[in-house]
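**Q** Encoded as structure tokens, here's the structure I'll be asking about.
Bear in mind these aren't lab numbers, they're just calculated from the coordinates by the rules spelled out. These numbers come from a predicted model, not from an experiment. Heads up, the Cβs are rebuilt from the backbone with ideal geometry, glycines too, and the neighbour counts pull from every protein chain shown.
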Amino acid sequence: MFRAIGRFFERIKEGLSKTRQVIGGALRRLIGARRTIDAAFLRELEDTLLAADIGVAKTEEILADLQRRYRAGEVAEGEDLLRFLKASLRAELAAEEQELRFAAQGPTVVLVVGVNGAGKTTTVAKLAHRLRAIGRRPLVAAADTYRAAAIEQLSVWAQRARVEIVKGEPGGDAAAVAYDAVAAAQARGCDTVLIDTAGRLHNKEHLMRELEKMRRVIQKRLPEAPHDVLLVLDATAGQNAVQQAKVFKEIIGVTGLVITKLDGTAKGGVAITVKRELGLTVRYIGVGEGLDDLQPFDPDAFVEAIFA
Ligand SMILES: Nc1nc2c(ncn2[C@@H]2O[C@H](COP(=O)(O)OP(=O)(O)O)[C@@H](O)[C@H]2O)c(=O)[nH]1
Ligand SMILES: [Mg+2]
């Protein structure tokens, strides 16, 4: 079991290597030098935290807290300061939530939303793969009917992940695909329905109408669905991702986040900003383009990986 945890930690560490190199490296250099915690030191610390997209509010709070504690003799330079930073970032991330809010009975329906290119389709495939690995029977729905390529893309992934798929015609009614997927899951005994949706619609109102319609139509089949609405955010978008989260929370009532592309960015701190500003917790992180590159979010491992 410990070996499994060790492997898991290695994977996250790998995925967060950019954040670790840029932020962890800078912090370790800064802190390792055991410099006096003075104005110049605090400025450098501030720049480093902002570069990781920890967010202005949290960064200011850390600095104020640090100064106060330093003066009170509660925090010293070096290791002590590192411990203080870790604890401060860790406190910002909620206690681990379960991966998905699985239904007690009948299929669990998960709507996957987000802007174009965020990683929705890939996430649906990775998540299906993961659920299969833990003994569930997922079904994916290609409800991004705007582009034929999107349906084709999910079909290829479903084949690779060896999971069932329900798809409609390009240009067809996305809500109808979602409805059919839920019906198919009920008929075939699949326990989880992962619905891929379109990200680029004409405008916010159009997107809202589409997603609301999808929710309504699914509920005709299963009144308590969707059990989760996962918003996929691209970590490389940095503070833009926070803006997207605000919009989607407003238009569809997001229940959790997936942060993708953490392998390609030093902006791992966006997880902290979104939690702070919107109260949304991260359920999974994407750390690569392969089927295995999705990890349940573990706040402890996340903070450790940044500094490791
Ligand atoms: N490096 C990396 N690339 C990712 C990750 N998740 C998705 N991608 C890539 O991002 C691109 C867009 O993904 P896609 O799932 O099609 O986005 P969608 O438009 O939201 O459905 C693809 O090239 C994916 O391979 C990730 O965690 N890491
Ligand atoms: Mg897609």
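**Q** Which one of these is farther than 23 Å from LEU294 by Cα and touching a residue at least 40 places away in the same chain (Cβ under 8 Å): ARG216, ARG130, ARG137?
**A** Step by step, each of ARG216, ARG130, ARG137 is checked, and only ARG216 is farther than 23 Å from LEU294 by Cα and touching a residue at least 40 places away in the same chain (Cβ under 8 Å).
**Q** Looking at (1) free of Cβ contacts under 8 Å to residues at least 40 places away in the same chain; (2) crowded, with 19+ Cβ neighbours inside 10 Å, find the lone condition where VAL113 falls short.
**A** For VAL113, the exception is condition (1).
**Q** Any residue in region 233-254 that is over 18 Å from ASN203 (Cβ atoms) sitting within a Cβ distance under 9 Å of a residue that is part of a helix (DSSP H, G or I) and of a type in the set (Lys, Arg)? List the pairs, counting only those 6 or more apart or interchain.
**A** GLY253/ARG215
**Q** Hey, which of the helices (runs of 4 or more DSSP H) in region 19-93, taking only ones fully inside, have at least 2 residues that are among the small types (Gly, Ala, Ser) and farther than 30 Å from LEU278 by Cα?
**A** Those helices (runs of 4 or more DSSP H) span 39-51.
**Q** Looking at region 209-226 only, could you name the residues that are assigned to a helix (DSSP H, G or I) and of a type outside the set (Lys, Arg)?
**A** GLU210, LEU211, GLU212, MET214, VAL217, ILE218, GLN219 - these are the residues of region 209-226 that are assigned to a helix (DSSP H, G or I) and of a type outside the set (Lys, Arg).
**Q** Listed residues ALA149, ALA143, ALA184; which is out of contact with any helix residue (DSSP H, G or I) (no Cβ under 8 Å at 6 or more places or on another chain) and under 28 Å from LYS220 (Cβ atoms)?
**A** ALA184
Condition check ((1) in contact with an Asp or Glu (Cβ under 7 Å, 6 or more places away or on another chain); (2) surrounded by 18 or more Cβ atoms within 10 Å (Cβ to Cβ); (3) closer than 19 Å to THR255 by Cβ) across all residues:
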| position | (1), (2), (3) |
| --- | --- |
| THR108 | yes, yes, yes |
| LYS126 | yes, yes, yes |
| ALA142 | yes, yes, no |
| PRO170 | no, no, no |
| ALA174 | yes, yes, no |
| GLN186 | no, no, no |
| GLY189 | no, no, no |
| MET208 | no, no, yes |
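**Q** Mind checking which pairs have a first residue in region 179-197 that is touching a residue at least 40 places away in the same chain (Cβ under 8 Å) and of a type in the set (Asp, Glu) and a second that is surrounded by fewer than 21 Cβ atoms within 10 Å (Cβ to Cβ) and assigned to a loop (DSSP other than H, G, I, E, B), Cβ under 6 Å, 6 or more apart or different chains?
**A** If the second residue must be surrounded by fewer than 21 Cβ atoms within 10 Å (Cβ to Cβ) and assigned to a loop (DSSP other than H, G, I, E, B), the pairs left are ASP191/ARG136; ASP191/ARG137.
**Q** In this structure, is VAL303 within 13 Å of ligand 1 (Cβ to nearest atom), touching a residue at least 40 places away in the same chain (Cβ under 8 Å) and not in a loop (DSSP other than H, G, I, E, B)?
**A** No.
**Q** Let me ask something else about it. Check whether at least one residue in region 254-262 is over 14 Å from the mean Cα position of the chain (by Cα) and either within 30 Å of SER17 (Cβ to Cβ) or crowded, with 21+ Cβ neighbours inside 10 Å (or both), and report yes or no.
**A** No: region 254-262 contains no residue that is over 14 Å from the mean Cα position of the chain (by Cα) and either within 30 Å of SER17 (Cβ to Cβ) or crowded, with 21+ Cβ neighbours inside 10 Å (or both).
**Q** Determine whether region 262-275 contains at least one residue that is within 25 Å of ASP47 (Cα to Cα), in contact (Cβ under 8 Å) with a residue 40 or more places away in the chain and within 16 Å of ligand 2 (Cβ to nearest atom).
**A** Scanning region 262-275 turns up no residue that is within 25 Å of ASP47 (Cα to Cα), in contact (Cβ under 8 Å) with a residue 40 or more places away in the chain and within 16 Å of ligand 2 (Cβ to nearest atom).
**Q** Would you pick out the residues in region 263-293 that are part of a helix (DSSP H, G or I), surrounded by fewer than 24 Cβ atoms within 10 Å (Cβ to Cβ) and hydrophobic (A, V, I, L, M, F, W, C)?
**A** LEU278, the sole residue that qualifies.
**Q** Which one of these is touching a Lys or Arg at 6+ places or on another chain (Cβ under 8 Å) and within 13 Å of THR122 (Cβ to Cβ): LEU280, LEU257, LEU294?
**A** That would be LEU294, the only listed residue that is touching a Lys or Arg at 6+ places or on another chain (Cβ under 8 Å) and within 13 Å of THR122 (Cβ to Cβ).
**Q** Further question: Right, ARG215: in contact with a Gly (Cβ under 9 Å, 6 or more places away or on another chain), away from ligand 1 (no atom under 16 Å from the Cβ) and under 25 Å from ALA158 (Cβ atoms) or not?
**A** yes
**Q** Regarding VAL182, is this residue under 16 Å from PRO226 (Cα atoms) and surrounded by 14 or more Cβ atoms within 10 Å (Cβ to Cβ)?
**A** yes
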